[in-house]
Amino acid sequence: QVQVVESGGGLVQAGGSLTLSCAASGRIFSISTMAWYRQAPGKQRELVAGTTSGGGKNYADSVKGRFTISRDNAKNTVYLQMNSLKPEDTAVYYCNAGIQLTRWIRASDYWGQGTQVTVSS
């Protein structure tokens with residue numbers, strides 16, 4: 001069984017910071033991409049930031065310069081450092097990981113349960 005578990009959400013004032021963590025566990029052969037998505041009420045889920053196993057990174061325009069994604073491959077963990085938070089960053093943040101269970105099985109998407117981030121004005 002593979003689990004993807006997020007932590008670190010909460011309530012913060014505008015201009016503040018939060019760090020989200022996401023750890024994948026279980027019988028994992030390899031993980032390709034790890035990414036953070038978010039979904040605000042009434043809106044579609046959107047990509048916030050992603051990182052590849054080789055260190056490549058990608059950010060949504062709305063968070064560039066404020067959010068930083070990092071990854072610890074040894075721990076199968078990805079982090080999202082969020083600075084200068086704005087009320088429009090309020091959403092449920094989801095972790096996504098492309099996980100390969102064995103050498104012979106193609107990687108599949110695994111999602112965490114989500115963690116709420118609320119930014120007050």
Review point. Quick one: how many residues across the stretch 83-104 are open to solvent by 60 Å² or more (accessible area, probe 1.4 Å), closer than 11 Å to ILE28 by Cα and not charged (D, E, K, R)?
Key: 1
Check your understanding: In the stretch 68-80, which residues are touching a residue at least 60 places away in the same chain (Cβ under 8 Å) and open to solvent by 60 Å² or more (accessible area, probe 1.4 Å)?
Key -> TYR79
**Study point:** Matching residues in the stretch 65-121 - criterion: being part of a loop (DSSP other than H, G, I, E, B), within 19 Å of GLY50 (Cα to Cα) and not hydroxyl-bearing (Ser, Thr, Tyr)
**Key:** GLY65, ARG66, ASN76, ASN83, LEU85, ALA107, GLY112, GLN113, GLY114
**Study point:** Single unsatisfied condition, GLY65 versus (1) among the small types (Gly, Ala, Ser); (2) surrounded by fewer than 14 Cβ atoms within 10 Å (Cβ to Cβ); (3) closer than 18 Å to CYS22 by Cβ
**Key:** (3)
Check your understanding: Within the stretch 1-37, how many residues are within 28 Å of ILE105 (Cα to Cα) and of a type outside the set (Ser, Thr, Tyr)?
Key -> 17
Practice item. Could you check, for the stretch 107-114, whether at least one of its residues is among the charged types (D, E, K, R), open to solvent by 70 Å² or more (accessible area, probe 1.4 Å) and closer than 14 Å to VAL2 by Cα? Key: yes
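The values are calculated or read from the model by the stated rules, or taken from the named source; none is laboratory data. Just so it is clear, the structure is predicted and the values come from calculations on it, not from any experiment. All Cβ positions, even for glycine, are placed from backbone atoms using ideal geometry, and neighbour counts span all protein chains on display. For accessibility, only protein heavy atoms count, side chains too; no ligands or nucleic acids. Shrake-Rupley method; radii C 1.70, N 1.55, O 1.52, S 1.80 Å.
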